[in-house]
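What follows is one structure encoded as structure tokens, with my remarks underneath.
The values are calculated or read from the model by the stated rules, or taken from the named source; none is laboratory data. Note that the structure is a prediction, hence the values are computed from the model and not measured. Here the Cβ is made from the backbone with ideal geometry for all residues, glycine too, and neighbour counts use every protein chain on show. Just the protein is used for accessible areas: all its heavy atoms, side chains included, with ligands, DNA and RNA removed. Shrake-Rupley method; radii C 1.70, N 1.55, O 1.52, S 1.80 Å.
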Amino acid sequence: MSRPLSLGTGEEPIPPGGTIGILGGGQLGRMTAMAAARLGYRVHVFTPDAGGPCAQVAAAETVAQYDDFAALAAFAETVDVVTLEFENVPLATAEFLAARRPFFPPPACLAVTQVRTAEKSEINKLGFATARWAPVRSADELEHALAIIGGIAVLKTNRFGYDGKGQAKIGPGDDAQAAWVSLKTDDAILEGFVDFVREISVVLARGQDGQIAAYPAVENRHRDHILSETIVPASIPPALAAEAERMAAAIATDLDYVGVLAVEMFETRDSLLLVNELAPRPHNSGHWTIEGAATSQFEQLVRAVCGLPLGSVAWRPSHMINVIGEDAQNWPAYVADPRAHLHLYGKPEIRPGRKMGHVTWVLPTSG
Ligand code: AMP
């Protein structure tokens, strides 16, 4: 490579023509690679699964396990910067790569977002509310935590949870021991069940210079624990939306975050915002930004990791639905709708609950 590399800090911009390494081969990587290509970058994807959604549109693919350090070292040689679309890459993998190439979001951020208890501690430290929670490492600790939290609670694995996997709801009279055994881990968290009015999220980008560009707070509706639709903007009072955006920005600044960060929150019946979870990558509730905002969340990620200025987040009211499982068979109806923007992720096999694509409608504005 002709350009002198700056190790680990990424203080020099990477100009178009450079190569972005992405850990993880799913649809988030695919849409990032497409945004990267538009700006003239190449993408090299590192994934354990060959031929996935990202590899289909990437310039290069390495198929290897995340703990294959020889493959990681060879991968690092070919890229100018590394980012990820799969948030649960082992921390040792992130640190190994960060010692060789600029790596965003910084591994220290992943150390927080990969562990629910660490994440909640950090959020509470900033003065922001979460559901009541307690760490649980044994059946005895679970009994104790249930007594403290009271009412209905949710037991979750402390690491590697997504889309409601590794979770068990426990109400008064339920068999807590059975829930404990079903989780198959000795590292869990118990959270009070939040009787929320709605779920919202804020997706933002933070550049290497600390500049933040946040999209408006959006409303998320789930079916079977999987995001089903996103409504832009969330129908909440402007002051509450501003508070959500302020909280997300404060969390990103506190973490010294670089990249795209999603902050998921619950709105309670008394109009409080409780932070549920952080996602250190583009988020399903930000897919609408491809057509609904001047700069998509994927382009923002490319800009942030390459050290370019962030783009405009000017936006229009939008509606996004996920195309899940058999719904993919409805593609002819979506392509026939002149207002619908259909995205399919190139997954060869339909499975129940599998995210096959999404559709966005940008709502007409008056005038
Ligand atoms: P998570 O994996 O933490 O994002 O949880 C997935 C989904 O489960 C959330 O989007 C909520 O719909 C629901 N959920 C998670 N935690 C709670 C909670 N403490 N109270 C109520 N619902 C929850």
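Provide a single number: the residues in the stretch 116-155 that are β-branched (Val, Ile, Thr) and over 22 Å from residue 244 (Cα atoms).
Residues flagged as β-branched (Val, Ile, Thr) and over 22 Å from residue 244 (Cα atoms) within the stretch 116-155 amount to 5.
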Residues that are part of a loop (DSSP other than H, G, I, E, B) and either out of contact with any helix residue (DSSP H, G or I) (no Cβ under 6 Å at 6 or more places or on another chain) or farther than 24 Å from residue 196 by Cα (or both), drawn from the stretch 133-158: 137, 138, 150, 151, 152
Candidate set: the stretch 258-273, residues that are open to solvent by less than 20 Å² (accessible area, probe 1.4 Å), at negative phi and more than 14 Å from the ligand (Cβ to nearest atom); chosen: the one farthest from the chain's Cα centre (by Cα): 258
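Return the only residue of 308, 227 being out of contact with any strand residue (DSSP E or B) (no Cβ under 6 Å at 6 or more places or on another chain) and within 22 Å of residue 29 (Cα to Cα).
After applying the criteria, what remains is 308.
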Meets criteria (open to solvent by 10 Å² or more (accessible area, probe 1.4 Å), at pLDDT 95 or above, in contact with a Pro (Cβ under 6 Å, 6 or more places away or on another chain) and at negative phi) for residue 30: yes
Qualifying residue in the stretch 211-230 (condition: closer than 29 Å to residue 319 by Cβ, within 16 Å of the ligand (Cβ to nearest atom) and outside the structural domain of residue 288 (by TED's automatic domain parsing)): no
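Tell me which residues, restricted to the stretch 191-210, are away from the ligand (no atom under 14 Å from the Cβ) and buried (at least 17 other Cβ atoms within 10 Å of the Cβ).
202, 203, 204, 205, 206, 207, 208
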Of residues in the stretch 274-296 being closer than 19 Å to residue 160 by Cβ and among the charged types (D, E, K, R), the one surrounded by the most Cβ atoms within 10 Å (Cβ to Cβ): 281
Hits in the stretch 179-207 (condition: within 19 Å of the chain's Cα centre (by Cα) and of a type outside the set (Lys, Arg)): 199, 200, 201, 202, 203, 204, 205, 207
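Taking the options 321, 350, name whichever one is assigned by TED's automatic domain parsing to the domain that holds residue 228, touching an Asp or Glu at 6+ places or on another chain (Cβ under 7 Å) and open to solvent by 50 Å² or more (accessible area, probe 1.4 Å). Spell out how you get there, then give the answer.
Values: 321 fails: open to solvent by 50 Å² or more (accessible area, probe 1.4 Å).
Criteria check complete, one pass: 350.
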Residue list for the stretch 299-318, restricted to those being within 24 Å of residue 219 (Cβ to Cβ), open to solvent by less than 70 Å² (accessible area, probe 1.4 Å) and not hydrophobic (A, V, I, L, M, F, W, C): 299, 300, 311, 312, 317, 318
Residue tally, condition away from the ligand (no atom under 11 Å from the Cβ) and open to solvent by less than 80 Å² (accessible area, probe 1.4 Å), over the stretch 122-146: 16
Restricting the stretch 299-353 to residues that are under 22 Å from the mean Cα position of the chain (by Cα) and of a type in the set (S, T, N, Q), the residue that is farthest from residue 289 (Cα to Cα): 322
Contacts under 7 angstrom Cβ, first residue in the stretch 351-367 being more than 12 Å from residue 328 (Cβ to Cβ), partner of a type in the set (Phe, Trp, Tyr) and modelled with pLDDT under 95, 6 or more apart: none
Selected residue [under 23 Å from residue 166 (Cα atoms), β-branched (Val, Ile, Thr) and not in a helix (DSSP H, G or I)] from 89, 82: 89
Restricting the stretch 147-156 to residues that are surrounded by 19 or more Cβ atoms within 10 Å (Cβ to Cβ) and within 30 Å of residue 354 (Cα to Cα), the residue that is farthest from the ligand (Cβ to nearest atom): 155
Leading residue by the ranking (nearest to the ligand (Cβ to nearest atom)) among those in the stretch 168-190 that are within 13 Å of residue 136 (Cα to Cα) and open to solvent by 50 Å² or more (accessible area, probe 1.4 Å): 184
